[in-house]
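None of the figures in this text is laboratory data; all of them are computed from the coordinates on show. Owing to the predicted nature of the structure, the values given are computational and were not obtained by experimental measurement. We place every Cβ from the backbone using ideal geometry, glycine too, and count neighbours over all the protein chains shown.
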Amino acid sequence: MADITPTGTVAPARGPCGLRAGGRSGVPWALMPRHRDVGRTAWQLRRGNRHRGVVLINLVTSRRTGLTTLLERTLERIGGRYLVRTIANLPDCQAVRRALEQLDLKPGTVVLLETALESPEALDADVGETLKIVVCDAREDPALPLRQPGRFADAEMLLITKADLAAPDAIGLCQLEENARRACPGLTSLRVSALTGQGMTDWVHWLDTARIVGLEAADAVA
Ligand SMILES: Nc1nc2c(ncn2[C@@H]2O[C@H](COP(=O)(O)OP(=O)(O)O)[C@@H](O)[C@H]2O)c(=O)[nH]1
Ligand SMILES: [Mg+2]
């Protein structure tokens, strides 16, 4: 996983299943300081969740990307193998912390936070998540990452929903992915359709692995 440099800092490295080093992951290599990880509260929340063995995933989404449907299909596929809780639209770390306190969070729980707020600032905010996923649907303007790079910065994944609606040549999707990687080099992307099931196995596998990596990080800091 991470490499310890001669200066003792943890160097970025590519993690399992494409988890990008230097994102907000609760993994050892994420202990390195990051340019946007300046908020003490965000850092404390991330560290607290890591100690408790809770993996908080922020799904930053535009409106009507089909996220509710996708999460329903996702939970069916996880099928009770581990606990998943969902929360939505919490603008800052304090609100997220309060929401987490209301939940019965056992070690190993994944909390999916849906962030579909209107303002670009809210979509850019570091809310103390373990990792961030940007959700766009297949008809999204490919220039979105150029207009709003902050939304993509520090993300682990670009999740493209409604892939069944993409044009057969999928040029728009390729442009979206390329532009997203300009905003966030090394970003993983997945194309899924809750309707047809396309990409769902890969998506759930990625989620399973991200959870395990997050929990291993919890062991590492325990
Ligand atoms: N073509 C297509 N439509 C979908 C898919 N998933 C959801 N939808 C449709 O998108 C609309 C919004 O779905 P919903 O899950 O409520 O989206 P949300 O508002 O982002 O939570 C509904 O009409 C769904 O039937 C998909 O994979 N493909
Ligand atoms: Mg919804």
Notebook entry, point to check: Most exposed first by the Cβ proxy, i.e. fewest other Cβ within 10 Å, how do 171, 212 rank?
Noted result: 171, 212
Margin query: How charged is the neighbourhood of residue 141? Take every other residue with its Cβ under 15 Å from the Cβ of residue 141, and add Lys/Arg as +1 and Asp/Glu as -1.
Written below: +3
Margin query: Sorting check: for 147-154, 69-76, which peptide has the highest mean count of neighbouring beta carbons within 10 Å, and how do the rest follow?
Written below: 147-154, 69-76
Margin query: Which of 182, 85 has the fewest other C-beta atoms within 10 Å, and how do the rest follow up to the most?
Written below: 182, 85
Note to self: Taking the number of other C-beta atoms within 10 Å as the exposure measure, put 62, 193 in order starting with the fewest.
What the structure shows: 62, 193
Next item on the list: With a Förster radius of 30 Å, plug the Cβ-Cβ distance of residue 86 and residue 169 into 1/(1 + (r/R0)^6) and report the FRET value to the nearest 0.05.
Entry: 0.30
